[in-house]
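Q: After the structure tokens below, expect a handful of questions from me.
The values are calculated or read from the model by the stated rules, or taken from the named source; none is laboratory data. All figures in this text were calculated on a predicted structure; none of them were measured in a lab. Because the Cβ atoms are built from the backbone with ideal geometry, glycine has one as well, and the counts that use them run over all protein chains shown. These accessible areas exclude ligands, DNA and RNA; they are computed on the full protein's heavy atoms, side chains included. Shrake-Rupley method; radii C 1.70, N 1.55, O 1.52, S 1.80 Å.
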Amino acid sequence: MNFTKNILITGGAGFIGSHLVRLMVNKYPDYRIINFDVLTYAGNLENLRDIQDASNYVFVKGDICTVDDIESVFKEYHIDHIIHLAAESHVDRSIENPNIFVETNVIGTVNLLNSCIKNWKAPFNDNIFYHVSTDEVYGSLGDTGLFTEETSYDPKSPYSASKAASDHFVRAFANTYKLPIKISNCSNNYGPNQFPEKLIPLCINNIKNNKPLPIYGKGLNIRDWLYVVDHAEAIDCIFHEGILNSTYNIGGLNEWTNISLVKELCRVMDHELNRETGSSEKLITYVEDRKGHDMRYAIDANKITTELNWTPDETFETGIQSTVKWYLNNESWLNGVVSGSYQDYYQKMYQ
Ligand code: NAD
Ligand code: DAU
């Protein structure tokens, strides 16, 4: 079959990447979707079992830090577009080991950009490099205000510094080599298939197993939560309709303090597990704060809403319910990812 586009999605076996791969494979049968992922602890092909045999889907095990891996996938599949999600994504791990974040998030991104310039022909009329980034590049907000696309970068963790650096390289390639790029900066995602190092799946797993729910500091830090499928739909929308060489913020207009979010999760879990109301809340345990913990993130999504007519479909009420149900109904997925090295990680971070 002659495909109209050959799209390389990096990090497609991860949390957000797998939802995006599924959406694109199902929605665009005339595109070939090449999922390029090295399968770190966070990458899991189980996430894509339902589409693994689709005729427009290919998985390639490859590393964005290895130039030969990138060059061979470009050549074998005639890559003409990239949606780049592969990254080290967990702030706590970046505090423990910043170097791997520089290698993957910065050098890996530059490797991909170099291969675009080498393999694609200027003026790049049929190419786009779409970089998926985070709201954390903007730093931390006080009690009021929102991050807009014009907010100055002020990253404060090794993770956000590495993502900010990668954003700068993407824009530098657009300016220097006229590479057509798009960037989006999204708020906190939640939903099925998220690795249980992140707050929501970690708490779901611990509530299920009657283990303490570690709340950093006073639990008053604020995050703006978006259902992962809404993020995947926003990426699809920007990829197709977004203006070249521009940036879009994506967010849920859905701010929660960590403590109220975890209490809400406890309420939903008590209901789903037929436990007495209030029983899971007793597991809440305040622990030492994250070093340099950003206080508040909140996105102004006005640009994507007005320019591209995107709004989230999922309410937090329905999103959190279906997320909890997914984890409870997918015990083997959860048990699979929390075996082995997860136990060592958990011991090191929490005990
Ligand atoms: P994740 O950690 O769940 O998945 C990352 C994926 O990248 C994994 O499949 C992993 O195997 C792969 N990967 C890592 N290093 C690689 C390498 N060297 N070569 C090839 N593949 C590699 O991450 P996620 O939460 O799905 O985030 C995806 C992207 O979205 C990241 O760039 C992240 O910065 C960004 N983002 C995440 C959120 C969020 O809330 N999770 C919000 C905004 C932006
Ligand atoms: O804002 C987008 C970012 O959201 C993404 O770029 C990151 O990839 C993603 O990991 C996420 O970063 P956060 O640090 O906000 O997510 P995390 O789930 O790790 O933490 C959410 C909040 O909960 C944060 O304030 C720290 C707190 N927390 C987290 C954990 C894991 C706890 O209180 N206890 C915990 O055990």
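Q: Pull out all pairs, ordered by first then second residue, where Cβ-Cβ is under 6 Å, the residues are six or more apart or on different chains, the first lies in region 189-203 and is under 15 Å from residue 349 (Cβ atoms), and the second is near ligand 2 (Cβ under 7 Å from one of its atoms) and modelled with pLDDT of 95 or more.
A: From region 189-203, the pairs are 196/202; 197/90.
Q: When region 254-286 is examined, which residues are found to be crowded, with 18+ Cβ neighbours inside 10 Å and among the hydroxyl-bearing types (Ser, Thr, Tyr)?
A: 280
Q: I'd like to know if region 131-153 contains one or more residues that are within 16 Å of ligand 2 (Cβ to nearest atom), aromatic (Phe, Trp, Tyr), over 24 Å from residue 12 (Cα atoms) and open to solvent by less than 20 Å² (accessible area, probe 1.4 Å). Before you say what the answer is, go through the steps one by one.
A: Kept after step one, since they are within 16 Å of ligand 2 (Cβ to nearest atom), are these residues of region 131-153: 131-143, 145-149, 151, 153.
When the remaining residues are screened for being aromatic (Phe, Trp, Tyr), the result is 138, 147, 153.
When the remaining residues are screened for being over 24 Å from residue 12 (Cα atoms), the result is 138, 147, 153.
Filter once more, so that each one left must be open to solvent by less than 20 Å² (accessible area, probe 1.4 Å): 138, 147.
Checking region 131-153: at least one residue is within 16 Å of ligand 2 (Cβ to nearest atom), aromatic (Phe, Trp, Tyr), over 24 Å from residue 12 (Cα atoms) and open to solvent by less than 20 Å² (accessible area, probe 1.4 Å).
Q: Could you tell me which residue of region 61-85 is farthest from ligand 2 (Cβ to nearest atom), considering only residues that are closer than 23 Å to residue 228 by Cα and open to solvent by less than 20 Å² (accessible area, probe 1.4 Å)?
A: Step by step, filter region 61-85, then rank; the result is 81.
Q: For a quick check of your reading of the model, give me the residue pairs whose first member lies in region 332-351 and is within 16 Å of residue 211 (Cβ to Cβ) and away from ligand 1 (no atom under 16 Å from the Cβ), whose second is modelled with pLDDT of 95 or more and hydroxyl-bearing (Ser, Thr, Tyr), with beta-carbon atoms closer than 8 Å and at least 6 apart or on different chains.
A: Final answer for the pair search is none.
Q: Let me ask you something else. Find the residue count for region 49-69, including only residues that are near ligand 1 (Cβ under 9 Å from one of its atoms) and either at pLDDT below 95 or part of a helix (DSSP H, G or I) (or both).
A: So the count comes out to 1.
Q: For region 24-48, which residues satisfy the criterion of being out of contact with any Asp or Glu (no Cβ under 9 Å at 6 or more places or on another chain), within 15 Å of ligand 1 (Cβ to nearest atom) and in a helix (DSSP H, G or I)?
A: Within region 24-48, 46, 47, 48 meet the criteria.
Q: Another one. Does residue 289 qualify as being within 16 Å of ligand 2 (Cβ to nearest atom), open to solvent by less than 20 Å² (accessible area, probe 1.4 Å) and in a loop (DSSP other than H, G, I, E, B)?
A: On the way: within 16 Å of ligand 2 (Cβ to nearest atom): yes; open to solvent by less than 20 Å² (accessible area, probe 1.4 Å): no; in a loop (DSSP other than H, G, I, E, B): yes.
It is false that residue 289 is within 16 Å of ligand 2 (Cβ to nearest atom), open to solvent by less than 20 Å² (accessible area, probe 1.4 Å) and in a loop (DSSP other than H, G, I, E, B).
Q: Sticking with this one: Could you give every pair whose Cβ atoms fall below 8 Å, whose first residue belongs to region 134-157 and is farther than 15 Å from residue 168 by Cα and within 15 Å of ligand 1 (Cβ to nearest atom), and whose second residue is open to solvent by less than 40 Å² (accessible area, probe 1.4 Å) and of a type in the set (A, V, I, L, M), counting only separations of at least 6 or pairs across chains?
A: 147/141; 147/298; 147/299; 157/91
Q: Open to solvent by 50 Å² or more (accessible area, probe 1.4 Å) and farther than 23 Å from residue 247 by Cβ, is that true of residue 103?
A: So residue 103 passes the test.
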